[in-house]
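Presented below is the structure to which this report refers.
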Amino acid sequence: MRVLLVSDMHYTTEETHDELKRLHPEANASLAAGSAFGYTQHEKVQKVLQAILWEHERSPLDLVLVLGDLSLDDFGFRNLPDNYCRRFLEECMRKCPCPAYALPGNHDSYPERQWREVFGYGRQYALERGGALFVMLDHFRTCPAAGASGSPYTPADTAFLSEVLAAHPGMPVFLCAHHVQEAGESEEFRRIVRENRNIVCLFRGHTHRNAVIRLDESYGEKYLIDIGGYAYNGMVINGRYSFGQLDPAWAWGYQMLELGEGAARLYHRKPAMHYSADNGEFDLPECISGKLEIPLPTAVRTV
């Protein structure tokens, strides 16, 4: 089974903050609106779809998981004239060659009812595919947003997680979240991750980085994987935050998970890209990083 995980598109208005303000005085667009790394917002989303279609053509995908920040809607604060979560669903997810599911990030701050109206499922849920369980955790349940950072971080819903795990015994489990604040999580969440041997690893977006992190003993030394993202990565320049600089730590692209008999194989792929930034023009080559193989517990079912 092959699963593609992607995050942080930050889809938003093609107009800049000032342009949108003239058209819609009530709107409060992000300073990151408009062109991003030399591409329009729509072109940026098409880059995501192109990568999914390329990966599927190479070897068929079974599942696409979108780990939040589909948009920069900040519902409740920005008052944008369009719903960019809905647009991402229509322009990308519904064109995927396999089932695709999303969970909300801090900027996708739609309350449960509005989220369900768009996606047809809740902000938090679990998926069983190919003998594995994917638990989609909502860490940004306080909605709508009150500011430009969207919803605040909320520790994992351990009652939900415990219920889901109890209902699916004997399966390899992958915890998926927009963000996991290792130091900000509850002792109960740490205990569940530490003591449930079926939990293989955790995936998160939000950081716009790619990293393989070995958590400490309180988490049972499980792996936490930063899956990168397709949005810009801002930098502080002369004391001011800039969205126009190329940050070498930015990991555009997506994460792959391949499940076979006895092991989960992971890696991150950056497709080749031309980047137009305030600090220059860059031709960035394709790059594969973060290769990792994790043995599956012998007692759980494998694909």
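Residues that are within 18 Å of Val64 (Cα to Cα) and either touching a Cys at 6+ places or on another chain (Cβ under 6 Å) or not aliphatic (A, V, I, L, M) (or both) number at least 3 in the following strands (runs of 3 or more DSSP E) confined to the range 113-211: 125-129, 199-204.
State whether one or more residues within the range 240-256 are outside any loop (DSSP other than H, G, I, E, B), of a type outside the set (Phe, Trp, Tyr), buried (at least 18 other Cβ atoms within 10 Å of the Cβ) and at pLDDT 95 or above. Looking for residues that are outside any loop (DSSP other than H, G, I, E, B), of a type outside the set (Phe, Trp, Tyr), buried (at least 18 other Cβ atoms within 10 Å of the Cβ) and at pLDDT 95 or above, one finds at least one in the range 240-256, hence yes. Check whether at least one residue in the range 215-230 is among the hydroxyl-bearing types (Ser, Thr, Tyr), part of a strand (DSSP E or B) and exposed (fewer than 15 other Cβ atoms within 10 Å of the Cβ), and report yes or no. The answer is no, given that none of the residues of the range 215-230 is among the hydroxyl-bearing types (Ser, Thr, Tyr), part of a strand (DSSP E or B) and exposed (fewer than 15 other Cβ atoms within 10 Å of the Cβ). Examine the range 31-54 for a residue that is hydroxyl-bearing (Ser, Thr, Tyr), touching a residue at least 60 places away in the same chain (Cβ under 8 Å) and either closer than 30 Å to Gly280 by Cα or assigned to a helix (DSSP H, G or I) (or both), and state whether such a residue exists. No. Would you confirm whether any residue within the range 93-106 is at pLDDT 95 or above, touching a Ser or Thr at 6+ places or on another chain (Cβ under 7 Å) and more than 23 Å from Lys270 (Cα to Cα)? Yes; the residues of the range 93-106 include at least one that is at pLDDT 95 or above, touching a Ser or Thr at 6+ places or on another chain (Cβ under 7 Å) and more than 23 Å from Lys270 (Cα to Cα). When the range 156-175 is filtered for residues that are loosely packed, with under 14 Cβ neighbours inside 10 Å and closer than 21 Å to Pro104 by Cβ, the ones remaining, listed by number, are Ala159, Glu163.
Scanning the range 257-280 for residues that are touching a strand residue (DSSP E or B) at 6+ places or on another chain (Cβ under 9 Å) and modelled with pLDDT under 90 yields Tyr275, Ser276, Asp278, Asn279. Summed over the range 94-113, the residues that are in contact with a helix residue (DSSP H, G or I) (Cβ under 9 Å, 6 or more places away or on another chain) and surrounded by fewer than 24 Cβ atoms within 10 Å (Cβ to Cβ) give a count of 6. Does Gly76 count as among the small types (Gly, Ala, Ser), surrounded by 20 or more Cβ atoms within 10 Å (Cβ to Cβ), assigned to a loop (DSSP other than H, G, I, E, B) and in contact (Cβ under 8 Å) with a residue 40 or more places away in the chain? Answer is no for this residue.
Taking the conditions exactly as written (out of contact with any Gly (no Cβ under 6 Å at 6 or more places or on another chain), surrounded by 14 or more Cβ atoms within 10 Å (Cβ to Cβ), free of Cβ contacts under 8 Å to residues at least 40 places away in the same chain and among the β-branched types (Val, Ile, Thr)), does Thr298 satisfy them or not? Taking the combined requirement at face value, the residue does not satisfy it.
Conditions (1) of a type in the set (S, T, N, Q); (2) under 18 Å from the mean Cα position of the chain (by Cα), marked per residue:
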position: Ala51; (1), (2): no, yes
position: Trp54; (1), (2): no, no
position: Cys92; (1), (2): no, yes
position: Gln124; (1), (2): yes, yes
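The set of residues from the range 125-162 being among the small types (Gly, Ala, Ser) and touching a residue at least 40 places away in the same chain (Cβ under 8 Å) comprises Ala126, Gly130, Gly131, Ala132, Ala145, Ala146, Gly147, Ala148, Ser149, Gly150, Ser151. Any chance you could count how many residues in the range 130-159 are under 17 Å from Phe174 (Cβ atoms) and modelled with pLDDT under 95? Number of matching residues: 2.
Would you mind stating whether Gly130 is at positive phi, surrounded by fewer than 20 Cβ atoms within 10 Å (Cβ to Cβ) and out of contact with any strand residue (DSSP E or B) (no Cβ under 7 Å at 6 or more places or on another chain)? Against the criterion (at positive phi, surrounded by fewer than 20 Cβ atoms within 10 Å (Cβ to Cβ) and out of contact with any strand residue (DSSP E or B) (no Cβ under 7 Å at 6 or more places or on another chain)), Gly130 does not qualify.
The values are calculated or read from the model by the stated rules, or taken from the named source; none is laboratory data. Because the structure is predicted, anything quoted here is derived from the model rather than measured. Quick reminder, even Gly has a Cβ in these numbers, built from the backbone with ideal geometry, and neighbours come from all protein chains shown.
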